[in-house]
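Report on the structure given below.
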Amino acid sequence: MTTTVVTTHAAGVTTLRLDRPSKKNALDGATYRALTDGVRAAGEDPAVRAIVITGSPEVFTSGNDLGDFARIRAGSGDLAAMDFLRALIACPKPLVAAVAGWAVGIGTTLLLHCDFVYAAPSARFRTPFVDLGLCPEAASTVLLPAIIGPRHAAEMLILGVTVDAPTALAWGLVNEVVDDPLARATEIAATIARRAPGATRTTRALLRRVTAADVDAAMAAEQVAFGERLLSAEAVEAATAMMTKRTPDFAKFT
Ligand code: COA
(Lines give C-alpha, C1' and ligand atoms only; values in the text may rest on other atoms or scores of the structure.)
Protein backbone atom coordinates (compact mmCIF):
# COMPACT_ATOMS: atom_id res chain seq x y z
CA MET A 1 0.00 0.00 0.00
CA THR A 2 1.35 3.47 -0.83
CA THR A 3 2.08 5.52 2.23
CA THR A 4 0.60 9.00 2.32
CA VAL A 5 2.65 10.13 5.33
CA VAL A 6 6.44 10.19 5.05
CA THR A 7 8.14 9.98 8.44
CA THR A 8 11.75 10.99 9.07
CA HIS A 9 13.81 11.32 12.25
CA ALA A 10 16.85 13.54 12.82
CA ALA A 11 18.48 15.06 15.89
CA GLY A 12 15.57 14.43 18.26
CA VAL A 13 12.96 15.64 15.78
CA THR A 14 10.33 13.50 14.02
CA THR A 15 8.90 15.00 10.84
CA LEU A 16 5.56 13.81 9.48
CA ARG A 17 5.06 14.95 5.88
CA LEU A 18 1.74 14.54 4.12
CA ASP A 19 2.26 13.03 0.68
CA ARG A 20 -0.96 12.49 -1.26
CA PRO A 21 -0.40 14.92 -4.12
CA SER A 22 -3.13 13.58 -6.42
CA LYS A 23 -5.76 14.61 -3.83
CA LYS A 24 -4.04 17.77 -2.61
CA ASN A 25 -3.01 15.87 0.54
CA ALA A 26 -6.65 15.25 1.52
CA LEU A 27 -6.84 13.27 4.74
CA ASP A 28 -8.50 9.90 4.18
CA GLY A 29 -8.78 7.09 6.75
CA ALA A 30 -5.36 5.62 5.93
CA THR A 31 -3.68 9.03 6.15
CA TYR A 32 -5.33 9.80 9.49
CA ARG A 33 -4.24 6.42 10.84
CA ALA A 34 -0.65 6.95 9.66
CA LEU A 35 -0.62 10.42 11.25
CA THR A 36 -2.12 9.07 14.47
CA ASP A 37 0.49 6.30 14.66
CA GLY A 38 3.27 8.77 13.86
CA VAL A 39 2.22 11.25 16.53
CA ARG A 40 1.72 8.53 19.17
CA ALA A 41 5.05 6.82 18.38
CA ALA A 42 6.95 10.10 18.50
CA GLY A 43 5.17 11.05 21.72
CA GLU A 44 6.27 7.79 23.37
CA ASP A 45 9.84 7.68 22.00
CA PRO A 46 12.23 9.18 24.59
CA ALA A 47 14.66 10.04 21.79
CA VAL A 48 12.11 12.38 20.17
CA ARG A 49 11.80 15.86 21.66
CA ALA A 50 9.71 17.69 19.05
CA ILE A 51 7.44 16.83 16.12
CA VAL A 52 7.14 18.70 12.82
CA ILE A 53 3.97 18.32 10.74
CA THR A 54 4.08 19.51 7.16
CA GLY A 55 2.63 19.04 3.67
CA SER A 56 4.15 19.70 0.27
CA PRO A 57 5.53 23.02 -1.01
CA GLU A 58 2.30 23.35 -3.07
CA VAL A 59 -0.37 22.39 -0.54
CA PHE A 60 -0.54 21.65 3.18
CA THR A 61 -3.81 19.73 3.01
CA SER A 62 -7.23 20.11 1.39
CA GLY A 63 -8.73 18.77 4.62
CA ASN A 64 -10.87 15.75 5.26
CA ASP A 65 -11.29 13.53 2.20
CA LEU A 66 -14.67 14.50 0.79
CA GLY A 67 -15.15 10.95 -0.48
CA ASP A 68 -14.90 9.70 3.09
CA PHE A 69 -17.70 12.06 4.14
CA ALA A 70 -19.83 10.47 1.40
CA ARG A 71 -18.84 6.96 2.56
CA ILE A 72 -19.86 7.80 6.14
CA ARG A 73 -23.21 9.05 4.81
CA ALA A 74 -23.59 5.76 2.96
CA GLY A 75 -22.89 3.89 6.22
CA SER A 76 -19.51 2.43 5.26
CA GLY A 77 -16.98 4.80 6.78
CA ASP A 78 -15.75 6.07 10.11
CA LEU A 79 -14.38 9.39 11.30
CA ALA A 80 -10.72 8.43 11.71
CA ALA A 81 -10.15 12.14 12.27
CA MET A 82 -11.28 11.82 15.88
CA ASP A 83 -8.48 9.39 16.82
CA PHE A 84 -5.95 11.65 15.14
CA LEU A 85 -7.22 14.72 16.99
CA ARG A 86 -7.15 12.86 20.32
CA ALA A 87 -3.55 11.80 19.60
CA LEU A 88 -2.60 15.41 18.86
CA ILE A 89 -4.28 16.67 22.04
CA ALA A 90 -2.62 13.96 24.16
CA CYS A 91 0.82 14.43 22.59
CA PRO A 92 3.30 15.42 25.33
CA LYS A 93 5.92 16.80 22.91
CA PRO A 94 5.95 20.21 21.20
CA LEU A 95 4.24 20.22 17.79
CA VAL A 96 5.59 22.53 15.10
CA ALA A 97 3.70 22.97 11.80
CA ALA A 98 5.02 24.17 8.45
CA VAL A 99 2.31 25.28 6.01
CA ALA A 100 2.54 26.18 2.33
CA GLY A 101 -0.47 26.54 0.03
CA TRP A 102 -3.97 25.57 1.11
CA ALA A 103 -4.80 24.47 4.66
CA VAL A 104 -8.52 23.68 4.44
CA GLY A 105 -10.90 22.45 7.16
CA ILE A 106 -9.03 20.20 9.56
CA GLY A 107 -5.90 21.42 7.76
CA THR A 108 -6.49 24.68 9.60
CA THR A 109 -8.07 23.35 12.80
CA LEU A 110 -5.26 20.85 13.47
CA LEU A 111 -2.90 23.83 13.58
CA LEU A 112 -4.75 25.09 16.66
CA HIS A 113 -3.27 22.11 18.55
CA CYS A 114 0.27 22.89 17.41
CA ASP A 115 2.56 25.00 19.58
CA PHE A 116 4.18 26.82 16.65
CA VAL A 117 3.04 27.41 13.06
CA TYR A 118 5.29 28.70 10.26
CA ALA A 119 3.66 29.68 6.97
CA ALA A 120 4.86 30.36 3.44
CA PRO A 121 3.63 33.50 1.65
CA SER A 122 1.47 31.08 -0.42
CA ALA A 123 -0.36 29.75 2.66
CA ARG A 124 -4.15 30.12 2.70
CA PHE A 125 -6.40 29.05 5.54
CA ARG A 126 -10.08 28.22 5.21
CA THR A 127 -12.67 26.44 7.37
CA PRO A 128 -15.63 25.97 4.99
CA PHE A 129 -17.73 23.88 7.39
CA VAL A 130 -20.94 25.90 6.94
CA ASP A 131 -20.43 25.94 3.14
CA LEU A 132 -20.54 22.14 3.36
CA GLY A 133 -23.63 22.10 5.62
CA LEU A 134 -21.36 21.00 8.47
CA CYS A 135 -20.12 22.61 11.69
CA PRO A 136 -16.66 23.15 13.22
CA GLU A 137 -14.57 20.37 14.78
CA ALA A 138 -11.24 19.82 16.56
CA ALA A 139 -12.32 22.09 19.45
CA SER A 140 -11.96 25.00 17.01
CA THR A 141 -15.03 26.65 18.56
CA VAL A 142 -12.91 27.18 21.68
CA LEU A 143 -9.36 27.40 20.33
CA LEU A 144 -9.89 29.62 17.29
CA PRO A 145 -11.56 32.47 19.26
CA ALA A 146 -8.86 32.09 21.92
CA ILE A 147 -6.08 32.36 19.33
CA ILE A 148 -7.38 34.92 16.80
CA GLY A 149 -10.25 36.51 18.74
CA PRO A 150 -14.01 35.92 18.52
CA ARG A 151 -14.65 38.39 15.65
CA HIS A 152 -12.09 36.82 13.33
CA ALA A 153 -13.17 33.32 14.45
CA ALA A 154 -16.73 34.18 13.35
CA GLU A 155 -15.39 35.32 9.97
CA MET A 156 -13.59 32.01 9.53
CA LEU A 157 -16.10 29.61 11.07
CA ILE A 158 -19.46 31.21 10.12
CA LEU A 159 -18.54 33.00 6.88
CA GLY A 160 -15.83 30.59 5.73
CA VAL A 161 -13.54 33.42 4.60
CA THR A 162 -10.15 32.59 3.14
CA VAL A 163 -7.32 33.97 5.25
CA ASP A 164 -4.08 34.72 3.42
CA ALA A 165 -0.62 34.50 5.01
CA PRO A 166 -0.20 38.19 5.97
CA THR A 167 -3.68 38.20 7.55
CA ALA A 168 -2.97 34.93 9.38
CA LEU A 169 0.16 36.57 10.80
CA ALA A 170 -1.71 39.74 11.78
CA TRP A 171 -4.44 37.67 13.47
CA GLY A 172 -1.92 35.49 15.35
CA LEU A 173 -2.90 32.27 13.58
CA VAL A 174 0.76 31.71 12.64
CA ASN A 175 4.08 32.63 14.27
CA GLU A 176 5.91 33.81 11.15
CA VAL A 177 5.57 34.02 7.39
CA VAL A 178 8.81 32.79 5.82
CA ASP A 179 9.88 31.65 2.36
CA ASP A 180 10.85 28.19 3.61
CA PRO A 181 8.47 27.27 6.46
CA LEU A 182 9.73 23.67 6.69
CA ALA A 183 13.32 24.86 7.21
CA ARG A 184 12.13 27.33 9.86
CA ALA A 185 9.93 24.72 11.60
CA THR A 186 12.81 22.25 11.59
CA GLU A 187 15.13 24.88 13.06
CA ILE A 188 12.65 25.66 15.86
CA ALA A 189 12.09 21.93 16.54
CA ALA A 190 15.88 21.39 16.69
CA THR A 191 16.18 24.30 19.13
CA ILE A 192 13.49 22.69 21.31
CA ALA A 193 15.35 19.36 21.10
CA ARG A 194 18.48 20.99 22.55
CA ARG A 195 16.65 22.59 25.46
CA ALA A 196 15.73 21.04 28.83
CA PRO A 197 13.08 18.40 27.97
CA GLY A 198 11.41 18.19 31.38
CA ALA A 199 11.11 21.95 31.73
CA THR A 200 9.74 22.18 28.18
CA ARG A 201 7.14 19.46 28.82
CA THR A 202 6.08 21.02 32.12
CA THR A 203 5.77 24.50 30.61
CA ARG A 204 3.76 23.15 27.72
CA ALA A 205 1.46 21.16 30.01
CA LEU A 206 0.88 24.26 32.15
CA LEU A 207 0.08 26.36 29.08
CA ARG A 208 -2.45 23.74 27.94
CA ARG A 209 -4.00 23.22 31.39
CA VAL A 210 -5.86 26.53 31.05
CA THR A 211 -7.95 25.35 28.09
CA ALA A 212 -7.84 21.55 28.61
CA ALA A 213 -11.33 21.12 30.12
CA ASP A 214 -12.89 23.48 27.55
CA VAL A 215 -11.14 21.62 24.72
CA ASP A 216 -12.50 18.27 25.97
CA ALA A 217 -16.03 19.65 26.32
CA ALA A 218 -15.87 21.30 22.88
CA MET A 219 -14.58 18.10 21.26
CA ALA A 220 -17.49 16.12 22.73
CA ALA A 221 -20.19 18.66 21.77
CA GLU A 222 -18.75 19.26 18.29
CA GLN A 223 -18.46 15.52 17.62
CA VAL A 224 -22.18 15.00 18.27
CA ALA A 225 -23.16 18.05 16.21
CA PHE A 226 -20.77 17.14 13.37
CA GLY A 227 -22.18 13.61 13.16
CA GLU A 228 -25.70 15.03 12.90
CA ARG A 229 -24.68 17.69 10.37
CA LEU A 230 -22.93 15.11 8.19
CA LEU A 231 -26.24 13.28 7.72
CA SER A 232 -28.30 16.47 7.32
CA ALA A 233 -30.18 17.42 4.16
CA GLU A 234 -28.09 20.62 4.00
CA ALA A 235 -24.85 18.61 3.86
CA VAL A 236 -26.32 16.34 1.19
CA GLU A 237 -27.33 19.43 -0.83
CA ALA A 238 -23.82 20.91 -0.47
CA ALA A 239 -22.15 17.64 -1.53
CA THR A 240 -24.53 17.10 -4.46
CA ALA A 241 -24.00 20.68 -5.65
CA MET A 242 -20.22 20.23 -5.47
CA MET A 243 -20.35 16.94 -7.40
CA THR A 244 -22.57 18.37 -10.12
CA LYS A 245 -20.65 21.67 -10.17
CA ARG A 246 -23.61 23.89 -9.37
CA THR A 247 -24.27 26.45 -6.64
CA PRO A 248 -25.92 24.88 -3.61
CA ASP A 249 -29.52 25.98 -2.96
CA PHE A 250 -30.02 26.47 0.76
CA ALA A 251 -33.19 28.58 0.27
CA LYS A 252 -35.42 25.55 0.79
CA PHE A 253 -34.12 24.87 4.32
CA THR A 254 -35.53 26.41 7.48
N1 COA B 1 -11.09 15.31 -0.64
C2 COA B 1 -10.96 14.50 -1.70
N3 COA B 1 -10.40 14.90 -2.86
C4 COA B 1 -9.95 16.17 -2.93
C5 COA B 1 -10.05 17.07 -1.87
C6 COA B 1 -10.65 16.60 -0.66
N7 COA B 1 -10.78 17.35 0.44
N8 COA B 1 -9.52 18.26 -2.24
C9 COA B 1 -9.10 18.11 -3.49
N10 COA B 1 -9.36 16.85 -3.93
C11 COA B 1 -9.06 16.27 -5.23
C12 COA B 1 -9.97 16.85 -6.32
O13 COA B 1 -11.21 16.17 -6.35
C14 COA B 1 -9.13 16.59 -7.54
O15 COA B 1 -9.21 15.22 -7.86
P16 COA B 1 -9.33 14.73 -9.41
O17 COA B 1 -8.06 15.23 -10.06
O18 COA B 1 -9.41 13.25 -9.30
O19 COA B 1 -10.56 15.39 -9.95
C20 COA B 1 -7.70 16.83 -7.04
O21 COA B 1 -7.76 16.65 -5.62
C22 COA B 1 -7.20 18.23 -7.32
O23 COA B 1 -8.11 19.16 -6.74
P24 COA B 1 -8.45 20.58 -7.43
O25 COA B 1 -9.71 21.08 -6.79
O26 COA B 1 -8.44 20.43 -8.91
O27 COA B 1 -7.20 21.45 -6.97
P28 COA B 1 -7.11 23.05 -6.90
O29 COA B 1 -5.66 23.35 -6.75
O30 COA B 1 -7.85 23.69 -8.02
O31 COA B 1 -7.87 23.45 -5.54
C32 COA B 1 -8.43 23.19 -3.22
C33 COA B 1 -7.34 23.05 -4.28
C34 COA B 1 -7.87 22.60 -1.91
C35 COA B 1 -8.76 24.69 -3.02
C36 COA B 1 -9.71 22.46 -3.66
O37 COA B 1 -9.34 21.17 -4.09
C38 COA B 1 -10.76 22.32 -2.59
O39 COA B 1 -11.44 23.29 -2.24
N40 COA B 1 -10.95 21.08 -2.09
C41 COA B 1 -11.99 20.76 -1.14
C42 COA B 1 -11.63 21.26 0.24
C43 COA B 1 -12.68 20.89 1.25
O44 COA B 1 -13.84 21.25 1.16
N45 COA B 1 -12.26 20.13 2.28
C46 COA B 1 -13.10 19.65 3.35
C47 COA B 1 -13.15 20.66 4.44
S48 COA B 1 -14.15 20.12 5.83
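Taking every residue in region 228-254 that is more than 14 Å from P128 (Cβ to Cβ) and pairing it with any residue that is acidic (D, E) and open to solvent by 60 Å² or more (accessible area, probe 1.4 Å), at least 6 positions away or on another chain, the pairs with Cβ-Cβ distances below 7 Å are E237/D249. Against the list (1) over 16 Å from the mean Cα position of the chain (by Cα); (2) within 16 Å of the ligand (Cβ to nearest atom); (3) open to solvent by 40 Å² or more (accessible area, probe 1.4 Å), the condition I72 fails is (3). Within region 90-97, not a single residue is under 21 Å from L173 (Cβ atoms), crowded, with 23+ Cβ neighbours inside 10 Å and within 14 Å of the ligand (Cβ to nearest atom). The number of residues in region 108-131 being assigned to a loop (DSSP other than H, G, I, E, B) and within 16 Å of the ligand (Cβ to nearest atom) comes to 6.
Here E237, E228, E222 are screened, and the one residue that is among the acidic types (D, E), under 22 Å from A138 (Cα atoms), in a helix (DSSP H, G or I) and open to solvent by less than 30 Å² (accessible area, probe 1.4 Å) is E222. When the residues of region 54-68 are filtered to those that are in a loop (DSSP other than H, G, I, E, B) and open to solvent by 10 Å² or more (accessible area, probe 1.4 Å), the one that is farthest from the ligand (Cβ to nearest atom) is P57.
Just a yes or no: is a residue in region 147-163 of a type in the set (S, T, Y) and out of contact with any Lys or Arg (no Cβ under 6 Å at 6 or more places or on another chain)? No: region 147-163 contains no residue that is of a type in the set (S, T, Y) and out of contact with any Lys or Arg (no Cβ under 6 Å at 6 or more places or on another chain). Of the residues making up region 3-35, those that are more than 16 Å from the ligand (Cβ to nearest atom), open to solvent by less than 10 Å² (accessible area, probe 1.4 Å) and of a type in the set (S, T, Y) number 1.
Of all the listed residues (T141, T186, T211), the sole one being surrounded by fewer than 19 Cβ atoms within 10 Å (Cβ to Cβ), on the phi < 0 side of the Ramachandran plot and polar (S, T, N, Q) is T211. Find the residue count for region 140-158, including only residues that are away from the ligand (no atom under 15 Å from the Cβ) and either in a loop (DSSP other than H, G, I, E, B) or among the basic types (K, R) (or both). The number of residues fulfilling the criteria is 2. Take the conditions (1) part of a loop (DSSP other than H, G, I, E, B); (2) within 16 Å of the ligand (Cβ to nearest atom); (3) open to solvent by less than 60 Å² (accessible area, probe 1.4 Å); F253 misses just one of them, which is (2).
When you scan region 176-185, do you find a residue that is among the charged types (D, E, K, R) and out of contact with any strand residue (DSSP E or B) (no Cβ under 6 Å at 6 or more places or on another chain), even just one? So far as region 176-185 goes, yes, one or more of its residues are among the charged types (D, E, K, R) and out of contact with any strand residue (DSSP E or B) (no Cβ under 6 Å at 6 or more places or on another chain).
The values are calculated or read from the model by the stated rules, or taken from the named source; none is laboratory data. All values reported here derive from a predicted model rather than from experimental measurement. Methodologically, a virtual Cβ is constructed for each residue, glycine included, from the backbone with ideal geometry; neighbour enumeration extends over all protein chains shown. The accessibility values were calculated without ligands, DNA or RNA, using every heavy atom of the protein model including side chains. Shrake-Rupley method; radii C 1.70, N 1.55, O 1.52, S 1.80 Å.
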